[in-house]
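The values are calculated or read from the model by the stated rules, or taken from the named source; none is laboratory data. All values reported here derive from a predicted model rather than from experimental measurement. For neighbour counting, all protein chains shown are included, and Cβ atoms are generated from backbone atoms with ideal geometry for every residue, glycine included. Only protein heavy atoms, including side chains, enter the accessible area calculation; ligands, DNA and RNA are left aside. Shrake-Rupley method; radii C 1.70, N 1.55, O 1.52, S 1.80 Å.
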Amino acid sequence: MAPDTVSLRYFLVLAQELNFTRAAARIGVAQPALSARMRRLEAELGTALLVRSTRSVELTAAGAALADSAPPALAALDRAWDTARSAAAGELGTLRIGYSLSTGAGTVPALVDRLIRGNSWLEVGAVPMATPEISPAVADGRIDAGITRGEQPGGGVRRVLLRRVRVGVQLAQHHPLAGHQEIEIADAAAYPLRLPARAANPVIHDQLSALFRDTRPHPRFHTPAVAFDMSQRDLRDGLTLAPAGEAAAAVQPDGLTWRPLRGAPGLTIHLVLPQERSPLHRRVLAVAKALAHELHWLPG
């Protein structure tokens, strides 16, 4: 039977001090207790480790060999304990996060950065996905977590409100409405409005189109030919507006800007997790909640 690690650690201190009084004081135990542990350690190993006299302590050949070989063995054991604790705390493994491109501007990078900061044992992969695919992929285990705009439907998952963002419009800097600090919904409705294709995100499409339900005349909606165009080419005509959350303001291409719509209800961003969560899932949830609080993603 291998000796207990506490006795090994005590022995290493004694091997450095070669004095029971000093070693006991350094460890913080009584000298008789240290002596008793050393005798038990020698009995477990079946060999003498120390040569004791009234004035000194010397290592036997076996004691010297143990003093050389024990430190790396204990260090390896400590790493094993740390690995087990990290796994239990959700700080170890591979985490796959699916996200819609529209949430990639600020929410996903901030969360991924916080998850891996100072944690070299956790590997995080963020994969862009079509929004309707994210919740089913979390439910069946293809990905571990998801970030979606809007509370997307689907079973087998838990949705956690992570962020609430103001709604506004993207528009060209030379647009007639660009000089307003806030834009009235009725004023925006007088111009062509670009909405995301409903198939790409029915929840957000319906929420954005509902903003203009009561305006007269009815606005002219259209959807872009390209599902996600980083350059926003169609807005550069100086007429078209694109309803969007305020996260769009952080990644505006040159020549475009963003203005809030007065009185418009906010859009939401949700963290999607499985119903049955592992330590890794609980870690993601804790980090996401802390980040939302720190960055004021959920004011009030």
If we keep only residues of segment 153-174 that are within 14 Å of A288 (Cβ to Cβ) and buried (at least 19 other Cβ atoms within 10 Å of the Cβ), then the residue nearest to the chain's Cα centre (by Cα) is L162
In segment 279-296, anything surrounded by 15 or more Cβ atoms within 10 Å (Cβ to Cβ) and either more than 15 Å from the chain's Cα centre (by Cα) or of a type in the set (G, A, S) (or both) is listed as A288, A292
Checked pairs for segment 151-168, first more than 11 Å from I269 (Cβ to Cβ), second among the hydrophobic types (A, V, I, L, M, F, W, C) and part of a loop (DSSP other than H, G, I, E, B), C-beta under 9 Å and 6 or more apart or across chains, list as R166/A264; V167/L211; V167/A264; G168/A264
For segment 286-299, pairs from a residue that is more than 12 Å from L273 (Cβ to Cβ) and part of a helix (DSSP H, G or I) to a residue that is charged (D, E, K, R) and at pLDDT 90 or above, with Cβ under 9 Å and 6 or more apart or across chains, are A292/R163
- Query: Quick one: is D254 open to solvent by 40 Å² or more (accessible area, probe 1.4 Å), without any contact (Cβ under 8 Å) to a residue 40 or more places away in the chain and not in a strand (DSSP E or B)?
  - Reply: yes
